[in-house]
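Take a look at the structure set out below.
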Amino acid sequence: MTRFVGMVLMLVVLIGILFGFSWLAYLAAAWLGSGFSRWFGGGLPDRVLMYYGVSLANVAVLMVVAMMAAGSLLTVAERKWSALLQNRIGANRIRWFGSSLGGIPFLVADALKMLTKERVEPSGKTRILYELGPILSFAPVFALFAVIPVGPPVPIQAIVDSVPKGFSFQVPLQVASIDAGLIYVFALASLQVYGTSLAGWSSNNKLALLGGVRASSQMISYEVSLGLALVGAMLAFRTLRLEQMVAVQSLPVIGAVPAWGILLQPIGFLIFFASAFAETKRAPFDLPEGESEIVGYFIEYSGMKFGLMFLAEFVEIVVLSSIVTAVFLGGWHPFVSPDWLRTVVSPWVFGAICAAAFLAKTIVMMWLQITIRWLLPRFRYDQVQKLCWKLLLPVALTNVFVTAAVLLVSSEGNPTVSAAELRPIAWLGAVTLVVIFVVTAAVGSRPQPARSHAPAAGH
């Protein structure tokens, strides 16, 4: 009972922290946007200066603070969550004032060790490519978060009183809104392959080279199914912009049930989630770094170079969880009707609630990835490739063809998507979810064959 009460209190505190952070994020973006128009006014239009100010604030708050803090905390969270799964305590040896503080001091200790550890580099390395390896592993993952819509646009007048009432400008919690959208995501995600390949090849180490080949082969293979998993969502939402995908997911399609991507594309969600594991090289797809199989591709890196490649793996968990939330889990739409919520709270509070809902969904997806990582054993390399080319790829192609056919039949010829056009594919998705649940339950309840304990012949 005590543990249950503690978990409820922790959940309430976490929701409050997410709401407070979102509220301050809108305040920082609006304040810096209005400040740019006051400080640098005269050369450029106020709207352009506000856009630069808001974008700069979002880079600092969302990418530097939120994303990097989440990725860093995941290094400790993985230790603590895995300890809970394995019925042990986890990281608690470093204490401040007699308290382990949930293992947070280990984060500080790891950071200090990475920054101060002596660098040991191989003498036969190719210097330029060796130095580029960690950069190309981390920079594309970091830049991916720029197109993630964390919160809805809020009028700047609702946050900053000094802005004239007649001036129209919306403050979003999104660094950049570009037409490419998901194409931008695919393009930058593919660049990480170069980081793993160069790290293994430029180290002049045969084991690192084999690890780099395995990693690049796995990442290139799963990028195909990763991209095809999102084609169905592109067809259904008729856009590449993530913020427009989130906006469409508020349409009611089956009664009051909204058109979340997981309802429209349940198969696409499962394929994308599985492919995302392989992209991050997390268990059960961690063969490129599995000591029992082969030494990792960054064996010759130490100090902060190793720290960048290590941190990139956890930051990628944050980014992929954010993409799953935006495309398949309704984005920043809260669990109540957004139209009703707009009428009972101010625009600023509404935006903070929605952004907090987005962050909460992202945390759940991060927790799910960490949990699966400690529940499933590592696949063999031939199993990894067979899963991609013989299962995920054919299923992804079939999903695209079926989605296109249903949308072609239900299309009304309108330039914008409507709830009526999404209703047939929503019913198809609902039936698919029921079938998946029934099959999973039937397989899980099937009795296991009895094992014989008789000694083998000849022993």
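What follows is calculated from the coordinates using simple rules that are stated; it is not laboratory data. Note that the coordinates shown come from a computational prediction; the quantities given were computed from them, not determined experimentally. Glycine also receives a Cβ, built like all others from the backbone with ideal geometry; neighbour counts cover every protein chain displayed.
Some notes on this structure:
- Charge dipole magnitude, Cβ of K and R +1, D and E -1 - segment 16-172, Cα centre, debye nearest 20: 440
- For segment 79-101 versus segment 113-165, the spacing of their alpha-carbon centroids is 29 Å.
- Identified option (computed percent of Cα pairs over 41 Å apart; candidates (1) 24; (2) 41; (3) 17): (1)
- The H on the amide N of Leu251, modeled in the peptide plane, is under 5 Å from the matching H of Ala259, each at least 5 residues off or on a different chain.
- Cα gyration tensor category, rounded, prolate or oblate, for segment 81-174 with a/c compared to 1.5: oblate
- Proximity of backbone amide H atoms, modeled 1.01 Å from N, is registered between Val154 and Val171 at under 5 Å, excluding neighbours fewer than 5 places apart on the same chain.
- Loop-located trypsin sites (Lys or Arg not before Pro) in segment 119-153 whose Cβ has at most 15 other Cβ within 10 Å (DSSP): Arg119
- Listed from fewest to most Cβ neighbours within 10 Å, the set Glu300, Glu313, Glu131 follows the order Glu131, Glu313, Glu300.
- At q = 0.20 Å⁻¹, base-10 log of I(q)/I(0) for segment 9-135 (Debye sum, equal scatterers on each alpha carbon): -1.13
- With neighbour counts taken as other beta-carbon atoms within 10 Å, the residues Tyr51, Tyr222 rank, fewest first, as Tyr51, Tyr222.
- Segment Leu368-Ile436, extension gain: residue separation times 0.36 nm, minus the distance between their alpha carbons: 22.6 nm
- Paired Rg and Dmax values of segment 137-228, which use every Cα atom, in angstrom: 20.2, 66
- Between segment 170-211 and segment 238-316, the alpha-carbon center distance in angstrom: 13
- Fewest-first ranking of Met7, Met50, using other Cβ atoms within 10 Å as the exposure measure: Met7, Met50
- Of all lysines in the structure, those lying under 18 Å Cα to Cα from Lys386, and not within fewer than 8 positions of it along the same chain, are Lys281.
- Farthest positive-ward along segment 267-406 dipole, Cα basis, beta-carbon charges - from Phe335, Ala352, Val364: Phe335
- Quotient of Cα Rg and 2.2 N^0.38 Å for segment 264-402, N being how many residues it contains: 1.30
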